[in-house]
Amino acid sequence: MGGDTAAQVVRAIARNGRVALVGLASGQPLPLDPMDLLLRNYTVSGVLATPLDEPSAEAAVWAELAQLATTGAITTPVGTVYDFEDVPRMVAEQATPGPGKTVVEVSGQAREG
């Protein structure tokens with residue numbers, strides 16, 4: 001999340017809470033108030049999710065993640081699945097997304113179920 005949603009989360013964070021900043025998906029940095037950090041004693045940490053621009057190290061990380069997903073060691077909760085033609089509706093519904101990750105199918109294969 002990012003933008004206004006991230007700002008709302010920070011306003012709602014509990015005393016002694018933690019915020020991890022991972023990327024800038026919204027394109028905007030999260031505005032932080034140093035006085036608010038001090039008074040509510042919460043921690044903000046930046047997380048650089050790439051291994052220092054080393055293509056081989058990054059490939060190894062992605063391979064390990066793929067292996068963990070393949071074996072079921074990690075899973076992602078899937079929420080709503082949309083066909084590619086329904087992307088405009090999906091975007092409109094993102095103001096109040098449900099639980100799980102939103103998935104857009106882009107292959108030409110029909111979905112089972």
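FYI, it's all coordinate maths here, none of it is from the lab. The structure presented is a predicted model; accordingly, all values stated were derived computationally and were not measured. Neighbour counts are summed over all protein chains in view; Cβ atoms, including those assigned to glycine, are modelled from backbone coordinates with ideal geometry.
Toward the positive end of the charge dipole of the chain, about the Cα centre and with charges on Cβ (Lys, Arg +1; Asp, Glu -1), which of Ile74, Ala63, Gly46 goes farthest?
Positive-end residue among those listed: Gly46.
How big is the charge dipole of the chain about its Cα centre, in debye rounded to the nearest 20, if each Lys and Arg gets +1 on its Cβ and each Asp and Glu gets -1 on its Cβ?
I would put it at about 580 debye.
Would you please give the residues with an amide H less than 5 Å from that of Val19, counting only those at least 5 places away or on a separate chain, with H modeled from the backbone geometry?
Amide H to amide H, under 5 Å and 5 or more residues apart or across chains, Val19 pairs with Thr43, Val44, Ser45.
Only one of the listed values, (i) 19.5, 59; (ii) 16.6, 62; (iii) 18.1, 54, was derived from the coordinates as Rg and Dmax of the Cα atoms in Å; which label is it?
After the calculation, the listed value that fits is (iii).
What's the ranking of 67-80, 10-23 by average number of surrounding C-beta atoms within 10 Å, highest first?
My ranking of the peptides, most packed first, is 10-23, 67-80.
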